[in-house]
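Data first, discussion second: the structure below is written as structure tokens.
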Amino acid sequence: MIAELGLAALWLAAALAALQMVAGFMAVRDDGSSELVRLIRPAAIAQGVLVTFSFAMLVWLFAITDLSVKLVVSNSHSMKPLIFKLSGTWGNHEGSMLLWVMVMGLAGALIAAVERRLPERTMNATLAAQGVVSLGFYAFLLLSSNPFERLPTPAPEGMGLNPLLQDIGLAFHPPTLYLGYVGLSVAFSFAVGALLTRQVTPNFARAMRPWVLGAWVMLTVGITAGSYWAYYELGWGGWWFWDPVENASLMPWLAATALLHSASVLASRDALRTWTIMLGVVAFSMSMVGTFLVRSGILTSVHAFAVDPERGSFILVLLGIFIGGALLLFALRASTISEGQRFALASREGALVFNNVMLSAILAIVLLGTLYPLLTEAFDVRVSVGPPYFNPVGAIFTVPMLAVMAVGPLLRWRRDRADRIGREVALFAALVLAALILFSLLAEMAILPLLGLALGIGLAVASLLPLRGRKLSRTPLATWGMVTAHFGIAVALIGMASESAFTEERLAAVAEGGSTTVGPWTIELQGVEPVAGPNWTAIQGRLAASYDGGEVKMLTPQSRNFWAPPQQTTESALVTRWNGQLYAVVGDRAPDGRWQLRLWWKPLVPLIWYGGLLVALGGVLALIGRVISDIRHRRLAARIAQRRADREAMA
Amino acid sequence: MRRLILLLNAVLLCSLFGPALAQDTMPPAPYAYRQLDDPGQEAAAQDLMETLRCLKCQSQSIADSDAPMAGDMRHQVRIRIAAGESPDDIRTWLVQRYGDYVSYKPEVSSTTWPLFAIPVLLILLAGGILVGRFRRRGA
């Protein structure tokens, strides 16, 4: 009964999305004279409620482990801890797509309920576009991946969830990314709406900006969390692999970063109109490409995809319709949209344009390196593209981008003289040069980590300069946000470069009671014992680690065996100090009775994720700042309207 | 010593090409989980291992994998580095055996040239966009 309720709600929501689409387009065509116009906003809100209800039903099915539902049987198990039963709801294809449409429905409901800045006609066009996108995903769910499908006879027990996914970090990693993807779909709908009614105005950028900011924050958090998860869960201390799945989340982030800056220019300077629209389309395309890569199975093997292409083809067709349609519209309308205000090279807009071009180029490189192996595989030529390609080729564009990023925020809008900020530029250049010389003399470093460290140090200082000479208590939140985010990039960069340049590794076979060293650490293996969890057993090493002969810290890395499904995972143990992290893994027992230990000392490595969180925090600050000032504007407008009404009443 | 290494190679090559099941039951090769004594050589081996794909895993290098085959390949890389072979020679040797797929570092060839041509085009395109945009302004 629960499953049927969920399914019925989903069909109803799809019907409302269709209504929203038809009514929206009719309203745009005959200028809102149709009676249907009044239905658009309520339809969007009701749709959000229904699809949320549907998702809640699926969560309920997982919570009670209803073994008559196919999805529960293939992804859950009655013995699993409750939190992982719940997270199992979206830890699979059907559930994650339902989560996607739910977030999309809620986003549509929210803009329908609160967004009043745009002209009504543009708003209708936006909600119509939102209806088209939602309808595509409802069709995908209902026609090719129904999450509520029943089994003819209930199964005796579920098959369990991949143990690698039974981790609190990963339970919340996919939803964050999906929130980001969906936020970009809203930005896409705004862009299409503005194109349809030719209203590419600063108000459009202001309406779109919170969604882009929110999406960007979610993507940043999702990527940071995913990277930390890979770092501690996979057991080898790697934090970024240029894996297609990671690239699938990085590409929308790069596009969203560019879109965010471009939308800011449009909102405050009425420039870069076509750029903003184009980036809005590109950002959502990258979300769709990411979804396609992750959800179609094409990554496991192009040939597996060719054998069972239903889902992948469906997403490809959707991608074609949405993106092809948007680009066609763009091509038809681009000539009627003027570029907006002009500006000089040495201006803040100039720096932002430069960096948007760089970000787009990096995006193109990542897209190329991700798709090219899939393309050649289709012709039975297998090549691998990995870090030795992405790092140097990406650096061609990243290095100039970081340099411009350091000085760009110091420039004035519209027109500035480069010599006005000569001292700041000199400070940045001196810091970078000094760091380059110092580190190349002190340590033998590869060129990329060296550049990363030097630019990171320079950028960390330069990113704080916009605050200089300002009254800190009166600095707008959005400015704080920018400074925090730029500083976060510098922090993460230093962490990445340091990890790559200074990591020390020790692989050792150690007898119980024996000890070994890695970097400044001495580690003693005190014992190895079996332990058991709710759905796994493990052997656990007891390690006593001391930094430079100081206080002893205990570590308990495990090697876990899950039984449903049977799989072995390593649970690394970490000791975090201010200057780095000790990473320990216990492996197999050698024939002579000694235990394999894998130990790493990674100086400054936590900065990678602290940096990522700072970037996200910057986004949150900017978002709060924007929303507060929007609310203030609304209150003010309401008060003015009130006063005018009073005056008219008096007269 | 050299003969011993050749012998080891022979044994390991068999295991590399042998059925997967046989690999799982055998203990890992000596240098799968053991570093070389010379730090310079170990660093060179590590750099190379990070750019070789574990053929049995999904998107992991042999330096990041517990798969038996990755262990065997790490062993191969380490003993070859220890025997004085250059990393490039070892990469070529592995590519000859397993194809381009094993190396994460694509080389310019008839199948991979777009990977290198497109970035060059991108540089030109980016430069073109910027120059076009700002020169028009200045005029």
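Observations
- Computed label-point distance, nm, for sites residue B:111 and residue A:339 using a 7 Å Cα→Cβ extension: 4.4 nm
- Taking amide hydrogens as placed 1.01 Å from N in the peptide plane, the amide H of residue A:384 sits under 5 Å from those of B:103, each at least 5 positions away in sequence or on another chain.
- Set of region A:509-536 residues, backbone N closer than 18 Å to the point 7 Å along the Cα-Cβ line of residue A:594: A:509-519, A:522-528
- Relative compactness, region A:253-292, computed as alpha-carbon Rg over 2.2 N^0.38 Å: 1.19
- Placing unit charges on each Cβ (+1 for Lys and Arg, -1 for Asp and Glu) gives chain A a dipole about its Cα centre, and among A:271, A:425, A:186 the Cα reaching farthest toward its positive end belongs to A:271.
- DSSP loop GluC sites (Glu not before Pro) with at most 15 other Cβ within 10 Å excluded, longest remaining stretch of chain A: A:158-338
- Relative contact order for chain A: 11 percent, from Cα pairs under 8 Å spaced at least 6 residues apart, divided by residue count.
- Normalised by 2.2 N^0.38 Å, where N counts its residues, the alpha-carbon radius of gyration of region A:504-603 equals 1.07.
- Positive-end residue of A:407, B:81, A:119, charge dipole of the protein assembly as shown with Cβ unit charges: A:119
- Of the chymotrypsin sites (Phe, Trp or Tyr not before Pro) found in region A:333-409, those in coil by DSSP whose Cβ has at most 13 other Cβ atoms within 10 Å are A:379.
- Ranking of A:77, A:261, A:93 by neighbouring Cβ atoms within 10 Å, starting from the fewest: A:93, A:77, A:261.
- In a DSSP loop and with at most 10 other Cβ atoms within 10 Å, the trypsin sites (Lys or Arg not before Pro) in region A:440-492 are A:468, A:471.
- Exposure proxy order (Cβ contacts within 10 Å, fewest to most) of A:335, B:59: A:335, B:59
- FRET efficiency, 1/(1 + (r/R0)^6) with R0 51 Å, evaluated for residue A:418 and residue A:650 via beta carbons: 0.35
- Other residues within the sphere of radius under 15 Å centred on the Cβ of residue A:278, judged by their own Cβ, net out at +2 (K and R +1, D and E -1).
- Contact order normalised by residue count of region A:504-603, Cα under 8 Å, 6+ apart, percent: 26 percent
- On full extension, the segment bounded by residue A:79 and residue A:437 gains 123.0 nm, given 0.36 nm per residue less the C-alpha separation.
- Between residue A:380 and residue A:153, the simple label model (points 7 Å from Cα in the Cβ direction) yields a spacing of 4.4 nm.
- Of the chymotrypsin sites (Phe, Trp or Tyr not before Pro) in region A:553-651, the ones in a loop by DSSP (not H, G, I, E or B) with at most 16 other beta carbons within 10 Å are A:578.
- About the centre of its Cα atoms, region A:606-651 shows a dipole size close to 240 debye [charges on the beta carbon of Lys, Arg (+1) and Asp, Glu (-1) only; nearest 20 debye].
- Charged side chains reduced to their Cβ positions (Lys and Arg at +1, Asp and Glu at -1) give region A:1-161 a dipole of some 240 debye around its Cα centre.
- Relative to the Cα centre, the charge distribution of the protein assembly as shown, modelled as +1 at Lys and Arg Cβ and -1 at Asp and Glu Cβ, gives a dipole magnitude of about 3740 debye.
- Of all aspartates and glutamates in the structure, those lying under 16 Å Cα to Cα from residue A:85, and not within fewer than 8 positions of it along the same chain, are A:66, A:94, A:157, A:167.
- In chain A, helical runs assigned H by DSSP with n ≥ 4 each contribute -39500 (n - 2.57); averaged across all residues and rounded to the nearest 500, the mean residue ellipticity at 222 nm is -22000 deg cm²/dmol.
- Electrostatic tally near residue A:622: other residues with Cβ closer than 15 Å to its Cβ, Lys and Arg +1, Asp and Glu -1, net +2.
- In this structure, the amide hydrogen of residue A:588, modeled 1.01 Å from its nitrogen in the peptide plane, lies closer than 5 angstrom to those of A:596, counting only residues at least 5 positions away or on a different chain.
- Gained length - residue A:162 relative to residue A:5, 0.36 nm times residue gap less alpha-carbon distance: 53.7 nm
- Cross-link reach list, lysines versus residue A:553, counting only Cα pairs under 28 Å and skipping chain neighbours closer than eight places: A:602
Laboratory data are not the source of any read-out in this text; all were calculated from the coordinates shown. All values derive from a computational prediction rather than experimental measurement. Using ideal geometry, Cβ is built from the backbone for each residue, glycine included, and neighbour counts are taken over all protein chains shown.
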